[in-house]
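Taking it in order: structure first as structure tokens, then the write-up.
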Amino acid sequence: MKRSPATIALRWSGRIIVAAILLFVLLPGVVVAISAFNDRAILQFPPQSWSLRWFYRAFSYSDFAKGFWNGLTVTVWASSIAVVVGSAFAFAIHRYKFALRDFLEGILLSPLIIPHYTVGLGILILASQTGIGRGFPLVIFAHVVMVLPFVMRSTYISLENLDTRLELAASSLGATPLRILFTVTIPLLIPGLLSGWLFAAILSFNEFTATLFVSSQATQTLPVAMYNYVREFADPTLAALSVIYIVVTATLLTIANSFLGLGKILNVDAH
Amino acid sequence: MNTRPFLGWFVSPAGLVAAGLIAAMLAVFQYSVRAYIPGTLEVGGFTWANFEAMLRPLYALAFWNTVLICFETAVFTLLLAYPLAYTLTRTNSSALRSFILIVSVTPLFLGEVVRTYSWMIVLGNNGFLNTLLLKLGLVDRPLRMMFTSGGVIAALVHVTMPIMVIMLAAALSHIDRNYEKAAESLGAGPIRIFMTITLPLSMPGIVAGFSTAFAWTFSAFATPQLIGGGRVATVSTLIYQLGFSSFNFPFAASLSIIGLALSLAVIALLKKAASPLERMAGTT
């Protein structure tokens with residue numbers, strides 16, 4: 001088919017617009033990467049001389065190392081608890097009608113729209129009133145609340161795609177409900193549960209606002225440690241840490257994309 | 001036979017989490033109507049004083065500021081995310097698709113602090129943009145971009161882009177392409193096809209993306225705090241200051257109640273405003 005000049009002009013302006021938007025999205029990452037190799041302690045653009053010292057400092061600064069391990073502890077616990085609790089609940093709302101079903105679902109999905117600081121402040125006040133203290137269980141609870149909606153959604157989608165005839169077949173062959181659950185339903189749900197866990201883990205590892213409220217000096221996670229650093233120091237250590245963050249995340253996502261198909265996980269694939 | 005096996009086992013853990021969340025929200029409500037006793041974490045008796053104090057211009061202005069910033073952020077995010085989502089779902093090149101997907105999704109997993117920090121380097125007085133503008137001779141002294149609401153909005157748009165791209169792409173990818181093909185075969189031009197078919201059919205995604213962007217921005221704390229540097233007052237920065245600098249938790253609680261109510265109201269309003277559009281998309 002022959003295209004008119006107007007169509008061609010439209011296509012090219014579309015391409016230029018998309019390229020400009022991608023530039024906007026990429027710009028901060030590129031700028032941060034360049035400043036991470038700046039030798040001077042003052043943020044300056046472009047850097048006058050180059051060095052790797054900020055990477056060294058990012059690794060040796062004890063608050064970051066501690067924040068990383070704290071964050072990992074919280075993330076593993078919170079996303080594992082969220083997957084068990086969230087997928088069981090998603091199963092129940094997908095299959096059954098029961099008292100308070102919609103109410104419970106609404107409550108558990110509400111962290112999607114309740115501002116994170118409200119949740120954080122609420123859990124903090126609750127802890128101080130009941131004398132629970134600002135330990136790891138409190139931070140983990142806050143994270144479970146935050147990531148639960150995402151886990152529920154991902155399990156729910158997998159349940160929608162599950163072929164229930166397989167369960168019926170197992171049942172007609174005499175399998176007990178418990179046996180069906182562990183040998184048919186859960187194995188079929190594994191991909192959905194895994195992607196739910198991964199998504200929850202990434203969100204939990206990066207959660208900042210609510211964590212700022214509920215964590216203490218002893219339990220602060222990496223984002224909180226980074227926030228405290230940027231308020232105290234102006235050197236490019238955080239730029240170096242950001243570069244590590246960006247590289248690790250982009251690598252993980254590229255691997256996830258080539259093995260699992262990110263488009264499928266995020267439900268954006270064309271049909 | 002039990003027709004609902006494991007119901008109790010499956011629902012009660014979630015019920016416990018929900019109970020904890022409800023208790024936390026009730027704690028905020030309860031604190032918001034208590035008197036503040038300076039110098040202690042204890043709270044006094046019942047009072048409406050916290051809510052009355054919010055009528056003072058300082059706080060009223062912060063609310064107005066926050067709504068305005070969230071609204072502008074959501075509008076700009078939509079305008080920038082739509083072309084990306086459109087290209088993502090329509091391009092035939094799988095390399096370009098992967099590239100856009102990775103580039104637009106990676107920031108989602110970087111967290112607010114890393115992304116805000118990178119914008120501090122872009123916008124700072126010795127930062128990337130000012131250096132560029134000075135070198136090009138477009139300005140003779142650095143523009144002040146840090147500590148302005150413009151700077152805050154630029155960074156917030158960047159922070160909110162990924163989720164908007166994902167939601168728009170999900171909506172766009174579920175549109176039946178035959179409608180567009182039919183319009184094309186009847187002689188409609190690309191702009192007309194877009195305006196009369198693609199755009200209306202993607203309306204549910206636009207509404208969902210817009211309200212999510214609004215809620216996320218409303219919740220954002222690191223960006224207005226670090227880029228605004230205390231000079232751009234938003235609800236979230238005020239709550240933090242009140243809670244952790246003056247330990248006035250009752251007032252912080254009442255502010256966050258109003259913040260919650262405001263964000264729910266705006267989202268409900270958006271849904272209501274959008275429902276005729278969605279109906280249109282459903283019937284055409």
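The values are calculated or read from the model by the stated rules, or taken from the named source; none is laboratory data. Remember, it's a predicted structure, so these values are computed and weren't measured experimentally. FYI the Cβ positions are ideal-geometry reconstructions off the backbone, even for glycines, and counts take in every protein chain you see.
Inside the range B:172-207, can you point out the residues that are in a helix (DSSP H, G or I) and at the interface with chain A (Cβ under 9 Å from one of its Cβ atoms)? First the steps, then the outcome.
Taking the range B:172-207 first, the residues in a helix (DSSP H, G or I) are B:172-173, B:177-185, B:190-201, B:203-207.
Matches in the range B:172-207: B:Leu172, B:Ser173, B:Arg177, B:Pro190, B:Ile191.
Among A:Ala210, A:Ala169, which is surrounded by 13 or more Cβ atoms within 10 Å (Cβ to Cβ), in a helix (DSSP H, G or I) and touching a Phe, Trp or Tyr at 6+ places or on another chain (Cβ under 9 Å)?
Details: A:Ala169 fails: touching a Phe, Trp or Tyr at 6+ places or on another chain (Cβ under 9 Å).
Going through A:Ala210, A:Ala169 in turn, the sole match is A:Ala210.
If A:Ser216 satisfies all but one of (1) over 20 Å from A:Gly122 (Cα atoms); (2) within 23 Å of the chain's Cα centre (by Cα); (3) more than 11 Å from every other protein chain (Cβ to nearest Cβ), what's the number of the condition it fails?
In the conditions (1) over 20 Å from A:Gly122 (Cα atoms); (2) within 23 Å of the chain's Cα centre (by Cα); (3) more than 11 Å from every other protein chain (Cβ to nearest Cβ), A:Ser216 misses (1) alone.
Counting just the residues of the range B:1-57 that are among the charged types (D, E, K, R) and surrounded by fewer than 17 Cβ atoms within 10 Å (Cβ to Cβ), which one comes out modelled with the lowest pLDDT? Walk me through how you get there before you give the answer.
Of all residues in the range B:1-57, those among the charged types (D, E, K, R) come to B:4, B:34, B:42, B:52, B:56.
Okay, now just the ones that are also surrounded by fewer than 17 Cβ atoms within 10 Å (Cβ to Cβ), so B:4, B:42, B:52, B:56.
Details: B:Arg4: 77, B:Glu42: 73, B:Glu52: 84, B:Arg56: 85.
Only one residue fits best here, namely B:Glu42.
Taking into account only those residues within the range B:89-116 that are among the polar types (S, T, N, Q) and under 21 Å from the mean Cα position of the chain (by Cα), which is surrounded by the most Cβ atoms within 10 Å (Cβ to Cβ)? Quick ask: steps written out before the conclusion?
Taking the range B:89-116 and keeping what is among the polar types (S, T, N, Q), we get B:89, B:91-94, B:98, B:104, B:106, B:116.
Subsequent filtering for residues that are under 21 Å from the mean Cα position of the chain (by Cα) retains B:104, B:106, B:116.
Working: B:Ser104: 24, B:Thr106: 21, B:Thr116: 28.
Going through the qualifying residues, I end up with B:Thr116.
Scan the range B:2-57 residue by residue and report those that are in a loop (DSSP other than H, G, I, E, B), more than 9 Å from every other protein chain (Cβ to nearest Cβ) and either within 12 Å of B:Ser254 (Cβ to Cβ) or out of contact with any strand residue (DSSP E or B) (no Cβ under 6 Å at 6 or more places or on another chain) (or both).
Of everything in the range B:2-57, those that are in a loop (DSSP other than H, G, I, E, B), more than 9 Å from every other protein chain (Cβ to nearest Cβ) and either within 12 Å of B:Ser254 (Cβ to Cβ) or out of contact with any strand residue (DSSP E or B) (no Cβ under 6 Å at 6 or more places or on another chain) (or both) turn out to be B:Val33, B:Pro38, B:Gly39, B:Thr40, B:Glu42, B:Thr47, B:Trp48, B:Met54, B:Leu55, B:Arg56.
Within the range B:137-144, is there a residue that is more than 14 Å from the chain's Cα centre (by Cα), under 28 Å from A:Ala240 (Cα atoms) and more than 12 Å from chain A (Cβ to nearest Cβ)?
So the first thing to find is which residues in the range B:137-144 are more than 14 Å from the chain's Cα centre (by Cα), and the list is B:137-144.
From what is left, the residues that are under 28 Å from A:Ala240 (Cα atoms) are B:142-144.
Now restrict to residues that are more than 12 Å from chain A (Cβ to nearest Cβ): B:143-144.
Within the range B:137-144, one or more residues are more than 14 Å from the chain's Cα centre (by Cα), under 28 Å from A:Ala240 (Cα atoms) and more than 12 Å from chain A (Cβ to nearest Cβ).
Which condition breaks for B:Leu78 when tested against (1) surrounded by fewer than 24 Cβ atoms within 10 Å (Cβ to Cβ); (2) within 25 Å of B:Leu260 (Cα to Cα); (3) modelled with pLDDT under 85; (4) of a type outside the set (Phe, Trp, Tyr)?
Failing condition for B:Leu78: (3).
For the range A:227-240, name all the residues that are crowded, with 23+ Cβ neighbours inside 10 Å and more than 8 Å from chain B (Cβ to nearest Cβ).
Pass one, the range A:227-240, residues crowded, with 23+ Cβ neighbours inside 10 Å: A:227, A:236-240.
Residues satisfying the conditions are A:Pro236, A:Thr237, A:Ala240.
Restricting the first residue to the range B:228-242 and requiring it to be within 21 Å of A:Ser215 (Cβ to Cβ), which pairs with a second residue that is among the basic types (Lys, Arg) meet a Cβ separation below 8 Å and a spacing of at least six or different chains?
none
Kindly indicate the residue of the range B:85-129 that is hydroxyl-bearing (Ser, Thr, Tyr) and outside any helix (DSSP H, G or I) and also farthest from the other protein chains (Cβ to nearest Cβ) among those meeting that condition.
Here the answer is B:Ser93.
Assuming B:Arg56 fulfils every condition listed in (1) under 26 Å from A:Val145 (Cα atoms); (2) of a type outside the set (A, V, I, L, M, F, W, C); (3) out of contact with any helix residue (DSSP H, G or I) (no Cβ under 7 Å at 6 or more places or on another chain) apart from one, which condition is it?
For B:Arg56, the exception is condition (1).
Looking at the range A:181-197, is at least one residue within 12 Å of chain B (Cβ to nearest Cβ), in contact with a Ser or Thr (Cβ under 7 Å, 6 or more places away or on another chain) and surrounded by 15 or more Cβ atoms within 10 Å (Cβ to Cβ)?
First, pick out the residues of the range A:181-197 that are within 12 Å of chain B (Cβ to nearest Cβ): A:181-182, A:185-186.
Within this subset, residues satisfying the condition of being in contact with a Ser or Thr (Cβ under 7 Å, 6 or more places away or on another chain) are none.
No, there is no match, as no residue in the range A:181-197 is within 12 Å of chain B (Cβ to nearest Cβ), in contact with a Ser or Thr (Cβ under 7 Å, 6 or more places away or on another chain) and surrounded by 15 or more Cβ atoms within 10 Å (Cβ to Cβ).
If the requirement is being under 25 Å from B:Glu112 (Cβ atoms) and in a loop (DSSP other than H, G, I, E, B), which of these qualifies: B:Leu156, B:Leu138, B:Leu143, B:Leu168? Spell out how you get there, then give the answer.
Values: B:Leu156 fails: in a loop (DSSP other than H, G, I, E, B); B:Leu138 fails: under 25 Å from B:Glu112 (Cβ atoms); B:Leu168 fails: in a loop (DSSP other than H, G, I, E, B).
Going through B:Leu156, B:Leu138, B:Leu143, B:Leu168 in turn, the sole match is B:Leu143.
Does A:Val32 satisfy the condition of being facing chain B (nearest Cβ under 10 Å), over 22 Å from B:Val17 (Cβ atoms) and not in a loop (DSSP other than H, G, I, E, B)? Even if it seems obvious, please write down each step before you answer.
On the way: facing chain B (nearest Cβ under 10 Å): yes; over 22 Å from B:Val17 (Cβ atoms): yes; not in a loop (DSSP other than H, G, I, E, B): yes.
So A:Val32 passes the test.
Considering each residue of the range A:50-85, count those that are assigned to a helix (DSSP H, G or I), surrounded by fewer than 16 Cβ atoms within 10 Å (Cβ to Cβ) and touching a strand residue (DSSP E or B) at 6+ places or on another chain (Cβ under 8 Å), and give that number.
Final tally of qualifying residues: 0.
What residue, among those in the range B:245-277 that are at the interface with chain A (Cβ under 8 Å from one of its Cβ atoms) and of a type outside the set (A, V, I, L, M, F, W, C), is farthest from B:Tyr31 (Cα to Cα)?
Residues of the range B:245-277 at the interface with chain A (Cβ under 8 Å from one of its Cβ atoms): B:249, B:252-253, B:256-257, B:259-260, B:263-264, B:267.
Still in the list and also of a type outside the set (A, V, I, L, M, F, W, C): B:256, B:259, B:263.
Numbers: B:Ser256: 11, B:Gly259: 15, B:Ser263: 20 Å.
Ranking the candidates gives B:Ser263 first.
Can A:Arg15 be described as over 23 Å from A:Glu232 (Cβ atoms), out of contact with any strand residue (DSSP E or B) (no Cβ under 6 Å at 6 or more places or on another chain) and at pLDDT 85 or above?
yes
Condition test on A:Phe91, is it part of a helix (DSSP H, G or I), within 11 Å of chain B (Cβ to nearest Cβ) and either over 21 Å from the mean Cα position of the chain (by Cα) or among the charged types (D, E, K, R) (or both)?
yes
How about the range A:115-130: which of its residues are surrounded by 24 or more Cβ atoms within 10 Å (Cβ to Cβ), in a helix (DSSP H, G or I) and facing chain B (nearest Cβ under 7 Å)?
A:His116, A:Tyr117, A:Thr118, A:Val119, A:Leu121, A:Gly122, A:Ile123, A:Ile125
For residues in the range A:98-114 being in a helix (DSSP H, G or I) and facing another protein chain (nearest Cβ under 8 Å), which is surrounded by the fewest Cβ atoms within 10 Å (Cβ to Cβ)?
Residues of the range A:98-114 that are in a helix (DSSP H, G or I), as a first pass: A:101-112.
Those still in the list that are facing another protein chain (nearest Cβ under 8 Å) too: A:104, A:107-108, A:110-112.
Numbers: A:Leu104: 20, A:Ile107: 19, A:Leu108: 24, A:Ser110: 18, A:Pro111: 22, A:Leu112: 15.
The extreme case among them is A:Leu112.
Quick one: is A:Ser258 of a type outside the set (Asp, Glu) and touching a residue at least 40 places away in the same chain (Cβ under 8 Å)? Steps first, answer last, please.
Working: of a type outside the set (Asp, Glu): yes; touching a residue at least 40 places away in the same chain (Cβ under 8 Å): no.
Spelling it out, it is not the case that A:Ser258 is of a type outside the set (Asp, Glu) and touching a residue at least 40 places away in the same chain (Cβ under 8 Å).
Considering only the range A:9-25, state which residues are among the aliphatic types (A, V, I, L, M) and exposed (fewer than 14 other Cβ atoms within 10 Å of the Cβ). Step through it out loud before you land on a result.
Step one: of the range A:9-25, the residues among the aliphatic types (A, V, I, L, M) are A:9-10, A:16-23, A:25.
Scanning the range A:9-25 gives A:Ala9, A:Ile16, A:Ala19, A:Ala20, A:Leu23.
Report yes if some residue within the range A:58-71 is touching a residue at least 24 places away in the same chain (Cβ under 8 Å), over 21 Å from B:Arg115 (Cβ atoms) and among the aliphatic types (A, V, I, L, M); otherwise report no.
no
Hey, A:Ala169 hits all of (1) small (Gly, Ala, Ser); (2) within 30 Å of A:Gly71 (Cα to Cα); (3) at pLDDT 90 or above but one; which does it fall short on?
(2)
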